[in-house]
Every structure is written in structure tokens, then in C-alpha cells.
Amino acid sequence: MRKYVPCVLVISFVFLLVPIAQAIRLSPDYRNAVAHFKLGNAYYNTGKYQEAIESYKQAIRIDPDYAVAHFNLGLAYHLLEDRSSALGQYVILKELDIELANELFDEIYRETDREPVPLVTIRQEPREVEAFNSNDIKSESKNARKLAEKEDKWSKWQKSLNTAYGEALKYDKDTNLNAGMKVEVWKRLANEFSQDNPYSTEDQLIRSKAVERMEYWRNYREPTPPVTIQQEPSYIGASITKLRSSYKKLSLSQVQLMPNVSIRVKDEWGSYVHSTINHDYSLKTIGGDKVVVDDARGLMWHQSGSHKHMKLDEAKRWIRALNKKSWPNKGGYASYFDWRLPTVEEAVSLLESSEKNGDLYIDPVFSNEQRYIWTGDRAGSEAAWRVDFGYGFVGRIYVDYYIFVRPVRSVLSKDSGEEPEEEAYGEVEVLEEEELRKPKFRNITLRSSYRDVSVSQVMTMPNISIRTKGLQSVAGHSTINHNYNLKTIRGDKVVLDHATGLMWHQNGSDKNINYKKAKKWLMTLNRSGYAGYNDWRLPTVEEAASLLEPSKKSGYLCIAPIFSKKQRHIWTGDTMKGKEAAWRVDFYRGGVYRHYVYYYAYNFVRPVRSVE
């Protein structure tokens, strides 16, 4: 298609392109439609039709009634053989300038031997507009800059507060500072950063923490020296498998001589210590109540304890209420009536060597609400021993101070001659490394062999309540009443489901992997003998879907919190007939979905095995 513009004009337009484009960018009146129109003409005459189209469009955005811009835009579309878009400009021109519209139409359908219609320059100027007034924009820009500067200042202020808070925490744990100095530390922090940050709530949380720690140290009083015991109990030769369960009056030296304890620092009121016991914790739910069984020591702990701190006398009354047959209208917490305060030996056995449950020196199987707890051992007529998980500390404290309660009971004790029905399996059982007994509660058997599963078969799986159905997916949850039990075997964590007779890897793969690598990962797991077993496998879709909870129970996942929450979606061993796909279970969305098994399709792995 021939151009109607002389060569001299083409050369001159090449030199005009740069200055016109720069003028548009630098001019404060960048919304000038004429400038964009001229730039479009310059592009058009140098053969850059696509760039010309964009410039004409910009001119039209500024002035929609700019007829010559529509005309030249139609010509540019025509040169790119886009007849549909060119006719679109013709339709618009019919309302703006019928003569230009007819010329454009003739050009679109002209005969090849007829000269083309020349490009229109500024034959028709855009409609008059008022002078561009940017005063309000300047004002808004100025206000925005001020707000940004203000936010920046508060951001720096917040960083200073965070730094000061970190320093205060170090002083709070400094055993060389007395309680009065620690009160001053937190008081100074709260006073110096008393302003409210309008861009964050983090400062409010820090001030609340400062007030809490200030009150703690303000109420902290060093107890008077305890009454001297004429005959001190001897721990020499004490059994390392059974801890003392009867209460005694203990001196500081007796506490510091306890077995199964490593002491970091001693002071005149107690010691910073941790237990050397290799625990075997197991989280159980009995009668709807959560307990933690320590099979290594034959103890059953209340998984949390009191939600409020209280004086020692109130703690004893709270324990009595826990043991009443009316608790709560069903008879004793977890169906037991012999809950008690732990001895100092039992309570100290919970202290870990490092912070493992948030900022607490206690295993994460326990609730982290109870930062410090009462023991039943006395440190004199007006003092008792407490264990502080926030500092890894055992020390004396007056009986009228406020401390949390974490009850305990000896598993071997009897309530009415025999243990409750719920404890038939796993209460004090020691798992054999070679074989695990089949649970006595198993009442649901899920398919364990792989097969090709269609969408309709997934939608009709047993033990699943379906919320919504998709073309190749199902959203829903399991209706199985699980009885999970967290165990540690050979240092490896597993979750037993007594309701289905399945043993699950407590977490699974650390990374998303494709289907082929998932199978290799399982082979490696079986060669290593995880938890002493080598028959780990991918779950079937029925088994994996049985883990789906009706709501998000583990952070943002629809799975019981006893499992790791890193594996948000997992592979199953079931495939989809006629497709290069397998089924996966997504705990974030709460459903079962088809997923292709191509190299770039990734999911986590949560292995399972059947307990024979």
C-alpha cells in the first residue's frame, strides 16, 4: 500500500519524534491532545503505525470528540490491514464529521489503482477547554508528602520502641538485677514510649506487656528463709523412672540437689534449670478433655490448666472442683477424680533446655497459656515452690501470690478399681519398636489399595460430608470421630488414629515435590526406617480425605492441630482414570481436587501406614 506523504516530510518527521515526545513528558500541560496528535502523525509518517495508534488513542482519551484524530487512527488501522478497527473509527466519525467519515470509508474500500487519501494534519482543532488548573492537585500532592513524612517518622519511632523492648526483655531475664530494677526498666519503657502510633497497634501490645511485667516484678517479694528441716529427704539412689508424688517442705539446698536436673545458675531464691529426662509425651482426648501422658514417668498432665492465676489456697479449691463428679456434669476431668498439684520434682521435669513453645521452656504439646505454675511442696510456713516456664526457673514464692495451676495425676492410681473405658489403649503403653498392637477402638476401615478413581466415585466416598461439588473437585469434611494420639518412636513423631487404625507421619515432606519425586521420597523414608517401620506409603484419597476437618483448626488449615501445618496440600496414591492426573487433598481450601502428575505439578507428602 502506497503512502501519500513526500520523502522530505518523512525525513523531517524522524527528527521531530524525539523533541515532540520529550515535550509531552516535560510539559506541565501533559494532557494536551494536540501534542499527542502531532506525535501520532510523526510516527505515522515514519512507518511506525502501531506507535501512531497509541498516540492517537491518547489524544482521543483527552478529547473524545477530536475528529481528525479518529480519522488518522482509522487510516493507521487500515494500513495494518485491521479493517474491523478502521470501520469502528468510521462509525464514530459519522457522529463527529460526516465528510471525514465518508473519506475514511472510501479509503478503506478504495480501488488499488486510486491514490490513497492523505493523512490529515490539524485540519480540525479540538474543542476549546478551560485552562488546566492544577492548584488543587498541588495542594493534594503537598498534603500527601506531609503524610508520607509523618508516617516515616512514626516508622522510625516504632523501630526505636522495638529495639528498646528487646533490651528490656534482656534485662528482665538478667538474674543479677533485683525486682526493683526490673520494675524501673519496664516503667521507663512505658513512659518514654507513651504515645500512640496511629499507623500500628504493635506499640499498644508492647506497652501492655511492659505493664504486665512491671506489675509482676512490683508484686514479687523475696520469701523469708524457710524453716529448717530436721531431717532432709535424700535423693541419693532415687529412681530415675519414678518421681516423688507426696508433698514435703523443702529447703533451697534440697531443691538444688534434685535428680534428673541440670542447673545453669543458682541464686538465693531458686535456680535456673532444665530437666534431663527423655520424655515420651502423648496428647490424648478423653471424654472431650485433653490430657498429656508422659509414658516415661507414668504421669498424666492436664494439657493446659487454669485459665487464671490464683493464690495457693484458691489453686487447691480449683483442684477440688476439678475432681468433683459434677465436672462439668459428667464426672471428673477426663473421668478422673485424683488430680493434684505436682510436686516440685514433677513440675521441674517439664522444663526444657531451650524455648520450645513460643518463648516458654516447655514442650509444645502443652498449652503456652500457663507461664508459671504452683507445686504442692512448701518452702516454709508462708511460701511454696513454683516453676516458671518463661525463664526456666524453680524458686520460692509467697502463698498469697497469683500463679497458674497445671494439675497432674499418677497413671497407676485407681479411681474405682480400674481405669476409664477411654484409656483401654495407649495410656501407659510402651510401643514396641518391632510391632505396634492393633488399637482396640478401630471401628472404621478405609480403603488402603490404590485404584483409578472417577469424579463421581470421589463425590460418593463414604464418611465425607460434601459442601460443594465442582467439575473435578469436591469441597467437604470427614464425618469420622477421630481419636488421635501423638507418639514419639525412636525419636520420630507419629500420629495414631485409633478410629481408623492408621499411623500418620506427624508432618511429612518439608518441600512441595512432583508425583515422581514423592514416590522416591517415600522409598528413602522406608530405607531409613522412620519410627522403626519401612511400609510407609501415600494415602488413598479416602484415607487422606479422612483428615479434613469441618473448619480451620490448625491456623488456616482444615486439619487437626496435632499435625504439622506446613503440609497444606498432599498427594494421594489414587489416580484419575483416563487422565495423567492423581487426586490430592487440600487442607487450605478444605477439599479433594484433581491434579496433573506432570513434572511441574507440586504437592507435599504425608505418609501413612496401616497398623496391623
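The values are calculated or read from the model by the stated rules, or taken from the named source; none is laboratory data. It should be emphasised that the depicted structure is a prediction, and the values quoted were computed from it without experimental measurement. FYI the Cβ positions are ideal-geometry reconstructions off the backbone, even for glycines, and counts take in every protein chain you see.
Restricting to region 372-410, name every residue that is under 30 Å from the mean Cα position of the chain (by Cα) and farther than 19 Å from residue 219 by Cβ.
Once the filter is applied, which keeps residues that are under 30 Å from the mean Cα position of the chain (by Cα) and farther than 19 Å from residue 219 by Cβ, region 372-410 yields 392, 406.
Considering only residues that are part of a helix (DSSP H, G or I), over 21 Å from residue 195 (Cβ atoms) and among the basic types (Lys, Arg), which ones fall in region 155-181?
If the condition is that a residue be part of a helix (DSSP H, G or I), over 21 Å from residue 195 (Cβ atoms) and among the basic types (Lys, Arg), then 170 is the only one that fits.
Conditions first: (1) at pLDDT 90 or above; (2) in contact with a helix residue (DSSP H, G or I) (Cβ under 6 Å, 6 or more places away or on another chain); (3) part of a loop (DSSP other than H, G, I, E, B). Residue 406 passes all but one, so which condition is the exception?
All conditions pass for residue 406, except number (2).
Taking the condition of being closer than 18 Å to residue 462 by Cβ and in a loop (DSSP other than H, G, I, E, B), how many residues in region 544-589 meet it?
Residues meeting the conditions: 5.
In the list 577, 511, 519, 566, which residue meets the criterion of being closer than 18 Å to residue 486 by Cα and among the basic types (Lys, Arg)? Don't jump to the end; show me each part of the working.
Working: 577 fails: closer than 18 Å to residue 486 by Cα; 511 fails: closer than 18 Å to residue 486 by Cα; 519 fails: closer than 18 Å to residue 486 by Cα.
The match here is 566.
In region 484-515, which residues are polar (S, T, N, Q), over 30 Å from residue 581 (Cα atoms) and in contact with a Lys or Arg (Cβ under 8 Å, 6 or more places away or on another chain)?
Answer for region 484-515, where residues must be polar (S, T, N, Q), over 30 Å from residue 581 (Cα atoms) and in contact with a Lys or Arg (Cβ under 8 Å, 6 or more places away or on another chain): just 485.
Among residues belonging to region 242-258 that are assigned to a loop (DSSP other than H, G, I, E, B), within 42 Å of the chain's Cα centre (by Cα) and of a type in the set (A, V, I, L, M), point out the one that is surrounded by the fewest Cβ atoms within 10 Å (Cβ to Cβ). Please lay out each step first, then the result.
Within region 242-258, the subset assigned to a loop (DSSP other than H, G, I, E, B) is 242-248, 250-251, 256-258.
If we keep only those that are within 42 Å of the chain's Cα centre (by Cα) as well, we get 242-245, 256, 258.
Applying the additional criterion that residues be of a type in the set (A, V, I, L, M) yields 243, 258.
On the way: 243: 25, 258: 22.
Once the filter is applied, the top-ranked residue is 258.
Test of understanding: among 568, 594, which residue is in the same structural domain as residue 508 (by TED's automatic domain parsing) and either hydroxyl-bearing (Ser, Thr, Tyr) or closer than 23 Å to residue 449 by Cβ (or both)? Reasoning before the result, please.
Working: 568 fails: either hydroxyl-bearing (Ser, Thr, Tyr) or closer than 23 Å to residue 449 by Cβ (or both).
It is 594.
Quick check on this structure: which one of 355, 382 is in contact (Cβ under 8 Å) with a residue 12 or more places away in the chain, over 17 Å from residue 342 (Cα atoms) and out of contact with any helix residue (DSSP H, G or I) (no Cβ under 9 Å at 6 or more places or on another chain)? Before you say what the answer is, go through the steps one by one.
Working: 355 fails: in contact (Cβ under 8 Å) with a residue 12 or more places away in the chain.
Result of the check over 355, 382: 382.
Would you be able to say whether some residue in region 544-553 is assigned by TED's automatic domain parsing to the domain that holds residue 463 and either aromatic (Phe, Trp, Tyr) or touching a Lys or Arg at 6+ places or on another chain (Cβ under 7 Å) (or both)? Show your work before the answer.
Taking region 544-553 and keeping what is assigned by TED's automatic domain parsing to the domain that holds residue 463, we get 544-553.
Cutting the leftovers down to either aromatic (Phe, Trp, Tyr) or touching a Lys or Arg at 6+ places or on another chain (Cβ under 7 Å) (or both) gives us none.
Scanning region 544-553 turns up no residue that is assigned by TED's automatic domain parsing to the domain that holds residue 463 and either aromatic (Phe, Trp, Tyr) or touching a Lys or Arg at 6+ places or on another chain (Cβ under 7 Å) (or both).
Would you mind stating whether residue 400 is in contact with a helix residue (DSSP H, G or I) (Cβ under 9 Å, 6 or more places away or on another chain) and in a strand (DSSP E or B)? I'd like the intermediate steps shown before the answer.
Numbers: in contact with a helix residue (DSSP H, G or I) (Cβ under 9 Å, 6 or more places away or on another chain): yes; in a strand (DSSP E or B): no.
Against the criterion (in contact with a helix residue (DSSP H, G or I) (Cβ under 9 Å, 6 or more places away or on another chain) and in a strand (DSSP E or B)), residue 400 does not qualify.
So which helices (runs of 4 or more DSSP H) stay within region 1-104 end to end and still have 2 or more residues that are surrounded by fewer than 19 Cβ atoms within 10 Å (Cβ to Cβ), at pLDDT below 75 and at negative phi? First the steps, then the outcome.
On the way: elements: 7-26, 33-45, 49-62, 67-79, 83-96.
Answer list for region 1-104: 7-26.
Considering only residues that are among the hydrophobic types (A, V, I, L, M, F, W, C) and part of a loop (DSSP other than H, G, I, E, B), look in region 348-387 and name the one that is surrounded by the fewest Cβ atoms within 10 Å (Cβ to Cβ).
Step one: filter region 348-387 for residues among the hydrophobic types (A, V, I, L, M, F, W, C), giving 348, 350-351, 360, 362, 365-366, 373-374, 379, 383-385, 387.
So of that shortlist, the ones also part of a loop (DSSP other than H, G, I, E, B) come out as 350-351, 362, 365-366, 379.
Numbers: 350: 26, 351: 25, 362: 23, 365: 20, 366: 23, 379: 29.
For region 348-387, the residue satisfying everything is 365.
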